[in-house]
Structures are given as C-alpha cells and as structure tokens.
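See below for the structure under consideration.
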Amino acid sequence: MSGYPEIRLRRLRLTAPRRRLFDEPLPGPEKFIWPVFVGAGRNLKEPIHAMPGQYRYSVDTLLSALEQPVREGIGGILLFGLSGANRKDGKGSEAWRDDAPVQRAVRAVKKNFPHLVVFTDVCLCAYTHHGHCGPLRRDGQVDNDAACACLARVAVSHAGAGADGVAPSAMMDGQVITIHRALVEARFLDTLLMSYSTKFASSLYGPFREAEQSAPQSGDRQGYQTSYRAPALALRESEMDEAEGADILMVKPALFYLDVIARLRQNTQLPLAAYNVSGEYAMLIAAADRNMGDLKALVRESLFAIHRAGADLIISYWAGRYGEVVL
Ligand code: PBG
Ligand code: ZN
C-alpha cells in the first residue's frame, strides 16, 4: 500500500478538529519584540502615516502604550530614538547623551516593566544631519572606524541606562567587536549584544525612515548595508559578527529573505532574530485596506513563514498589536 486510492492525505486535514491535532502553534507572544519610537517631550502620540497603527511616543505615553502588549505577554521591545533637525550634527552625538529619549525611556520602562526585555537600536542615522549611519569622510563615504567609536559610546550609554541588550544596526566593519570591548571595559558584562548581522540594503525601510526622519540626505546605504544579489557575502556578515562575540544574530528584512534565515539557521548555534520591517508591515495594511486580503490572515501567515524559516525571535511592529492580529 503506497498510494492512492488507499492512502488519502486529506484524511489528516479533513475537519477542523483533526487539523487542530496536527497544526503547529503560531509563535507565542514571548517570541516577539516590538520596535517602538520614542522622542523628547511629554504627551506625544503622533501617528506615523506610512505605518498605520504605529506612533511616535514620548516616555510617558510609551509607558501607557506598553501596558496592553505587556499584558498580552510580548517578550521585549526594541527602542528607537527620535531626534530633531536642530539637535542633529555631523556625527550624531545626541545618540550617546545620557538624557536623550532612548536612555530616559530605558530607565522608565525597566522601572515600570522589569520583566520586559529592553533592547536598544544602536545607530547614528537618526542623529546625523546627513542621515548616514556614521560620520562622513571627505569623499562622502562613512568613516568606518570613527563610526565604530561613536557606536561604542552609544552602546555603553544605553547599557548604563539599564538596557538588557544593545542592537547595532549600522553595518560597519568591526562594530560588534568594538562595542563588545567597550562594554567589557565599562564592566557591563551582562548586556546582550544583538547584532543586525545580515542587514540588506532594502527598499522596505521607507516607512521607517519617515518615522525616524533618518533618510540619507544624499546617496544611499549600499556602501555599508549588504546586497541582496550577493548572498554569500550576506551570510559572511553574520559569521563575522558571531566571531566578534554577538549573542544574537539577525536577518533583516524577513519576508523577502526567508532563504537567508533558513540557511543561517543551519549554520549557527546562536539564537536568530528576524526583523519584519516597516515596509513589510505597511504592505499588508495597504493590501487589506484595498480589500486584497484579510489583514489578520495575512499577518498570521506571514509571521508563521518567518517562524518556519527558523527565526527564534521575531522583531515586528505587529508585536504591539499581538492580541488583535495574531491571536
Ligand atoms: C537604522 C535602521 C533602519 C531600520 C532599523 N534600523 C533603517 C535603515 O537602515 O535605513 C529599518 C527598520 C524598518 O524598516 O522597520 N540603521
Ligand atoms: Zn543607521
């Protein structure tokens, strides 16, 4: 007996109660990290037009916004700081000020929600007036080693505020080892280092750059973010970060890069995060708004795909709406 008509695979999925037996669960809320934007001031809850349902918060409103997702059991957040045109400079020095929005938010969130794992994005593009992820050389390229030194200051400042983990996203060579050494030197021995290790130069970051006002004022990021047409180099970026002491690796974006997630999963023992980015979030909303699909069904199917590819953690704007769109 090796096939039809005796063997009928539909038996296993014929009814909802049977499917329930065999279907694997969606990833639980504890696997999700919510990226959130925090700026200066008070009482700020400003809608981000390109990302319906996501807001720019101040520290006080962020605490209120976290209540529901924390009740639903999400694992953590990833904090992004907002600057202002008048506070930006050539190297992004607001990023390592101890009283900047991210540092203040870390202290407040850890005090109010001690069981939430708080990661901080470590980059400079939201703080530089030119919008690149580090200071520029005369020829317009980012000065790699100067950027690493700045990123280390940012990471130490975030760790000092009490962040559980720092997440460098600038794609500079040596950023992981430089931050690692700086954390050790400052005796922050328990701070996690989640590297944006395989981060592609992608057209899916547009809504985020609107939210952060962090788009490069000239050129693009292809000189540091990795190319989707050179997959071996993209995997090597993660290998290097593992060798430099990253605790968690990441693939970003997620949905166009499921093959990369799956391959990396085979090649590392480290926990692997996937970043379901702003453009992926916005696309599903745009489709659902035009009656081209049901939002909740689209969200569940896409999140399961990321999970199936092998991501241990999912960094997603949907985490802030977990009960509404996933359960
Ligand atoms: C900054 C950074 C970006 C994102 C996360 N960190 C934008 C970029 O690299 O241009 C994108 C996140 C998203 O689109 O959701 N280095
Ligand atoms: Zn950046």
What is the one condition in (1) within 21 Å of the chain's Cα centre (by Cα); (2) over 23 Å from residue 149 (Cα atoms) that residue 112 does not satisfy? (1)
Sort out which residues of the stretch 54-90 are under 21 Å from residue 284 (Cα atoms) and loosely packed, with under 15 Cβ neighbours inside 10 Å, and write them in order of number. none
Residues of the stretch 223-246 being within 13 Å of ligand 2 (Cβ to nearest atom) and more than 23 Å from residue 36 (Cβ to Cβ), in sequence order, are 223, 224
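State all residues of the stretch 190-231 that are among the aliphatic types (A, V, I, L, M) and under 28 Å from residue 139 (Cα atoms); if no residue qualifies, say none.
Of the residues in the stretch 190-231, the ones among the aliphatic types (A, V, I, L, M) are 192-194, 201, 204, 211, 215, 230.
Within the stretch 190-231, 201, 204, 215, 230 qualify.
Every residue in the stretch 101-135 that is in a helix (DSSP H, G or I), within 15 Å of residue 167 (Cα to Cα) and among the polar types (S, T, N, Q), please. If you could, list the steps in order and put the result at the bottom.
Within the stretch 101-135, the subset in a helix (DSSP H, G or I) is 101-112.
Restricting the remaining residues to those that are within 15 Å of residue 167 (Cα to Cα) gives 102-103, 106.
Passing the criteria: only 103.
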Scan the stretch 123-131 and give yes if some residue there is surrounded by fewer than 24 Cβ atoms within 10 Å (Cβ to Cβ) and without any contact (Cβ under 8 Å) to a residue 60 or more places away in the chain, otherwise no. no
When the residues of the stretch 217-254 are filtered to those that are surrounded by fewer than 15 Cβ atoms within 10 Å (Cβ to Cβ) and closer than 19 Å to residue 147 by Cβ, which remaining residue is nearest to ligand 1 (Cβ to nearest atom)? 220
Which of (1) in a helix (DSSP H, G or I); (2) within 15 Å of ligand 1 (Cβ to nearest atom) does residue 172 not meet, given it meets every other one? (1)
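Each reported figure results from applying straightforward, stated rules to the coordinates on display, with no laboratory input. As the structure is a computational prediction, the values presented were derived from the model and not from experiment. Positions of Cβ are generated from backbone atoms using ideal geometry, with glycine treated the same way; all protein chains shown enter the neighbour counts.
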